[in-house]
Every structure is written in structure tokens, then in C-alpha cells.
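The values are calculated or read from the model by the stated rules, or taken from the named source; none is laboratory data. What you are looking at is a predicted structure, and each value in this text was computed from that prediction instead of being measured. Reconstructed Cβ throughout: ideal geometry from the backbone, glycine too, with neighbour counts over all protein chains shown. Accessible surface is based on the protein model in full, side chains and every heavy atom, while ligands, DNA and RNA are left aside. Shrake-Rupley method; radii C 1.70, N 1.55, O 1.52, S 1.80 Å.
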Amino acid sequence: MTSADLAWVVELASARRAVIESFAPRFWKPAEDSDRTHAAFLGSLIAEPDVLSIRTEHGFLFGMPRPDALVVDDMAMERDIFWPVEGEELLRAAGQVGRLRFVCPVPELLRASAATAVGLLVAESWWHRDLTQVSSDLPDVVELGVRVDGAVGRLVPAPPVYAPGGPVLLVTSLTDPNALSVIEDEAARRGAPVSVVSQEPGDGQLADLLKAAGFKRTTDYYEGSTSGQSPARTG
């Protein structure tokens, strides 16, 4: 892509956020200046030679290099009907760079279907629920690590395009199911309005626990090497 594509990219990204917002309104609440913030970020990616930024006629993909994979989060199609052809084409082109880690919000069904079609598999799922009794009376410095008996987590900032109302609690270890509400209460006391728990695909027991506790699976992370070769047309 080039800088001439930026306005089109931001428009597609904004439309995509509007679609998924209703699935988790607090988790994916857009920031007031989300379009401006996203435009600045995506513009910097287009200008960065180490970032893969490619497009077809009706869609785009950004791939962020990491030591173990190319992370694909910012990707959108003008309409869902383009996922089975152009979406897969973009993913296969990105797969030529190396192993992919592809972010798929659960409500984007055809996005996930494209991931499966090119040979990617779910490696991790994020579940979330909104927290209650969130404190607004916070100290100047909030400790980011959160630890209670049976659970460990950390407070992480939401991406700048989203504004859930504070940091997000990411639970990184859960050895006692009863500790989940305890660590969430502590995070809410520190101003976190949202809790996220990571689940590996084979951990059905944790999935059942989270579902019973009122969590919603919001995001699947697909990983792997893509099958076939289908270079995308660049714009």
C-alpha cells in the first residue's frame, strides 16, 4: 500500500469497528478520536518498510513482524462476500513471509472461515466480562501486576482506538476457580472495567467455567502456516 490508500483503509477499519462493537459494547467501545488515532497509526505502518501492508481491490492487510510470527490484526474487507476470495488471497500472501498469528473477533464469522480455509488453527481464545463497582478514585500510580491466592494477572491499556473506561485486567494464570472473582474485585478497585481470561483450545473445563461465570468469548487467535500460494495485488 501507499499513503494514497490511507483514507480508504481508515474508512474500512472504522466500519469494521462499528460492526463488532455491539457484540461487546464496553470492551470494544470506540474512543472519541478513534479515526484520527487509527489514521496516524496505520499511516505510520504504511511508511514502515518492516511492516507488511498489502491490498486487493476490496480489502487490506497489515502484518506486524514479531520474533515468532507475523501478527495480522488490522485487516478488513469492503463487504463480507470478499473474504472467501480476496481475504484468503491476502492471508496466503502474508503467509509467504512466515508463520501467522491472526486476530479474529468471534462475530466476524467469514474472517474466521478464511483463516481456516488457508490452514490456520485456533491457538488461543480470549473471554471477557464487564466488571462492576469500578473505582474512579485512583492513586497517581496504579500497580500493574495483580496477584491473589490462586490467580495472577496484570493491568494493560486498551488499544488507543478503544475506550472501555480504564485498563483491562488480563488474567494470565488461574489455579483456583474461586480466585477469579477475587482478582477481578482487586482489578476493579484499581479502575479496570473489563476482565479478560485466556483459554487454550483444549481446555474445555476452563471454557465451561468461564461460560458459567458469565464470560463471553470475544476473540480467537489463529496461528500457523498458510496453505497454497496466491500473491496479493499491491496498490
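Scanning the range 77-98 for residues that are open to solvent by less than 50 Å² (accessible area, probe 1.4 Å) and outside any helix (DSSP H, G or I), which turns out farthest from Val19 (Cα to Cα)? Spell out the reasoning first.
If we filter the range 77-98 for residues that are open to solvent by less than 50 Å² (accessible area, probe 1.4 Å), which is where we start, we get 77, 82-83, 86-95, 98.
Next cut, outside any helix (DSSP H, G or I) only: 77, 98.
Values: Met77: 12, Gly98: 30 Å.
Only one residue fits best here, namely Gly98.
If you go through the range 115-129 one residue at a time, how many are over 22 Å from Lys29 (Cβ atoms) and open to solvent by less than 30 Å² (accessible area, probe 1.4 Å)?
Filtering the range 115-129 for residues over 22 Å from Lys29 (Cβ atoms) gives 115-124.
Checking which are open to solvent by less than 30 Å² (accessible area, probe 1.4 Å) leaves us with 115, 118, 120.
Number satisfying all stated conditions: 3.
Take the range 59-90 and flag every residue that is within 19 Å of the chain's Cα centre (by Cα) and of a type in the set (Val, Ile, Thr).
Of everything in the range 59-90, those that are within 19 Å of the chain's Cα centre (by Cα) and of a type in the set (Val, Ile, Thr) turn out to be Val71, Val72.
Hey, any hits in the range 148-167 for a residue that's buried (at least 18 other Cβ atoms within 10 Å of the Cβ), touching a Ser or Thr at 6+ places or on another chain (Cβ under 7 Å) and within 26 Å of His38 (Cβ to Cβ)?
The answer is yes, given that some residue of the range 148-167 is buried (at least 18 other Cβ atoms within 10 Å of the Cβ), touching a Ser or Thr at 6+ places or on another chain (Cβ under 7 Å) and within 26 Å of His38 (Cβ to Cβ).
Can you tell me which residue in the range 190-231 is most open to solvent (accessible area, probe 1.4 Å), limited to those that are in a strand (DSSP E or B) and of a type in the set (Asp, Glu)? Step through it out loud before you land on a result.
Residues of the range 190-231 that are in a strand (DSSP E or B), as a first pass: 194-199, 216-224.
Next cut, of a type in the set (Asp, Glu) only: 220, 223.
Numbers: Asp220: 14, Glu223: 44 Å².
Only one residue tops the list, namely Glu223.
Looking at the range 42-72 only, could you name the residues that are out of contact with any helix residue (DSSP H, G or I) (no Cβ under 8 Å at 6 or more places or on another chain) and either assigned to a helix (DSSP H, G or I) or exposed (fewer than 15 other Cβ atoms within 10 Å of the Cβ) (or both)?
Ser44, Leu45, Glu48, Pro49, Asp50, Pro65, Arg66, Pro67, Asp68
Only residues that are open to solvent by 80 Å² or more (accessible area, probe 1.4 Å) and either of a type outside the set (Gly, Ala, Ser) or not in a loop (DSSP other than H, G, I, E, B) (or both): list them for the range 8-24, please. Quick ask: steps written out before the conclusion?
At the first step, the residues of the range 8-24 found to be open to solvent by 80 Å² or more (accessible area, probe 1.4 Å) are 11, 19, 22.
Of everything in the range 8-24, those that are open to solvent by 80 Å² or more (accessible area, probe 1.4 Å) and either of a type outside the set (Gly, Ala, Ser) or not in a loop (DSSP other than H, G, I, E, B) (or both) turn out to be Glu11, Val19.
Determine whether the range 99-109 contains at least one residue that is assigned to a helix (DSSP H, G or I) and surrounded by fewer than 17 Cβ atoms within 10 Å (Cβ to Cβ).
Of all residues in the range 99-109, those assigned to a helix (DSSP H, G or I) come to 109.
Remaining after also requiring surrounded by fewer than 17 Cβ atoms within 10 Å (Cβ to Cβ): 109.
Yes, the range 99-109 has at least one match.
Spot the failing condition for Phe27; the list is (1) crowded, with 16+ Cβ neighbours inside 10 Å; (2) part of a loop (DSSP other than H, G, I, E, B); (3) more than 16 Å from the chain's Cα centre (by Cα), and only one is missed.
(3)
If Ala40 satisfies all but one of (1) closer than 22 Å to Tyr162 by Cβ; (2) modelled with pLDDT of 95 or more; (3) in contact with a Pro (Cβ under 8 Å, 6 or more places away or on another chain), what's the number of the condition it fails?
(3)
In the range 130-189, how many residues are over 25 Å from Ala31 (Cβ atoms) and either part of a strand (DSSP E or B) or touching a Pro at 6+ places or on another chain (Cβ under 9 Å) (or both)?
Filtering the range 130-189 for residues over 25 Å from Ala31 (Cβ atoms) gives 145, 147-152, 172-183, 185-186.
Keeping just the survivors that are either part of a strand (DSSP E or B) or touching a Pro at 6+ places or on another chain (Cβ under 9 Å) (or both) gives 145, 147-148, 150-152, 172-174.
Summing the residues that are over 25 Å from Ala31 (Cβ atoms) and either part of a strand (DSSP E or B) or touching a Pro at 6+ places or on another chain (Cβ under 9 Å) (or both) in the range 130-189 gives 9.
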